[in-house]
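Novice: Take this structure, written in structure tokens, and hold onto it; I'll ask about it next.
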2 protein chains.
Amino acid sequence: MPKFMDVHSGFVGVTEEQLREAHERDLAIEEGEGVHFERAWLDPESGKVFCLSSGPSKEAVLRVHDKAGHPTAEIYELPIEVE
Amino acid sequence: MPKFMDVHSGFVGVTEEQLREAHERDLAIEEGEGVHFERAWLDPESGKVFCLSSGPSKEAVLRVHDKAGHPTAEIYELPIEVE
């Protein structure tokens, strides 16, 4: 299953609780699109959020975010990963 | 230890082997800065690379990338993470 990183802007000053609530809205509906959001990281100073997910397509990932109320257009497919 | 995400551009068409080689240049010298690069993901179509690390500061992380030959100026501290 392809992995993806999507990026949100504008989350300046958002708290851990607020990020968790937003992430849980994704988790609650992701199954309908065959998507799984693995982790999300927030820099509350710049307002950037990075979400790592797996799913069938970019469009499926973005549909979950749309339906959960935090749309973004910035997403990258990640066929290559090293550690 | 704070976590960071840094972003590189211009890696269009880079292979897994090339990314691994670049990542290993970071791993070989990271200890001198007290940094650890956990994972790196590449979208070879757009040329974006995302590196997840931990370390004492943004500057320390960027110095490792500088010395390894793949500098970037785009880095975010990630005090908040959910899964």
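Novice: Could you sort B:24-33, B:51-60 so that the peptide with the highest average Cβ count within 10 Å comes first and the rest follow in order? Numbers along the way, then the final one.
Specialist: Working: B:24-33: 15.3, B:51-60: 17.8.
The peptides rank, most packed first, as B:51-60, B:24-33.
Novice: Oh, and also: Across chain B, how large is the tail of the calculated P(r) beyond 21 Å, expressed as a percent of all Cα pairs?
Specialist: Roughly 22 percent, once rounded to a whole number.
Novice: Using a 10 Å cut-off around each Cβ of peptide A:7-13, what is the average number of partner chain Cβ atoms that fall inside? Present the calculation step by step, with values, prior to reporting the outcome.
Specialist: On the way: counts 5, 0, 0, 0, 1, 0, 0.
If you average over the peptide's residues, the count of other-chain Cβ atoms is 1.
Novice: Cα extents of the protein assembly as shown along the three principal axes, largest first, in whole Å?
Specialist: Principal extents (Cα only, largest first): 44, 33, 20 Å.
Novice: Give the average, rounded to an integer, of partner chain Cβ atoms located within 10 angstrom of each Cβ in A:68-79.
Specialist: Taking the mean over all residues of the peptide, I get 3.
Novice: Moving on. So for chain A, taking the charge dipole from beta-carbon charges (+1 Lys/Arg, -1 Asp/Glu), which of A:55, A:19, A:71 sits furthest toward the positive end?
Specialist: Value computed over the given set: A:71.
Novice: Can you name the chain A residue with its Cβ nearest the rotation axis from A to B, and give the distance in Å as a whole number?
Specialist: Output: A:50, 4.
Novice: Right, here's the next one. Do you know the Lys pair count in the protein assembly as shown for C-alpha distances under 24 Å, with sequence separation 8 or more or different chains?
Specialist: Here the count comes out as 18.
Novice: Take peptide B:45-52, look around each residue's Cβ out to 10 angstrom, count Cβ atoms belonging to other protein chains, and average those counts. If you can, show how the numbers build up before the last one.
Specialist: Numbers: counts 3, 4, 1, 6, 4, 7, 1, 5.
The mean count of partner-chain Cβ atoms within 10 Å per residue comes to 4.
Novice: Helix B:16-29 sits at what angle to the longest principal axis of chain B, using alpha carbons and giving 0 to 90 degrees rounded to 10?
Specialist: Value to nearest ten degrees: 30.
Novice: Here's a follow-up. In whole Å, what is the distance between the alpha-carbon centres of region B:48-77 and region B:7-36?
Specialist: Between the Cα centre of region B:48-77 and that of region B:7-36, the gap is 10 Å.
Computed from the coordinates by the stated procedures, all read-outs in this text should not be read as laboratory data. What you are looking at is a predicted structure, and each value in this text was computed from that prediction instead of being measured. So basically every Cβ, Gly included, is an ideal-geometry build from the backbone, and we count neighbours across all protein chains shown.
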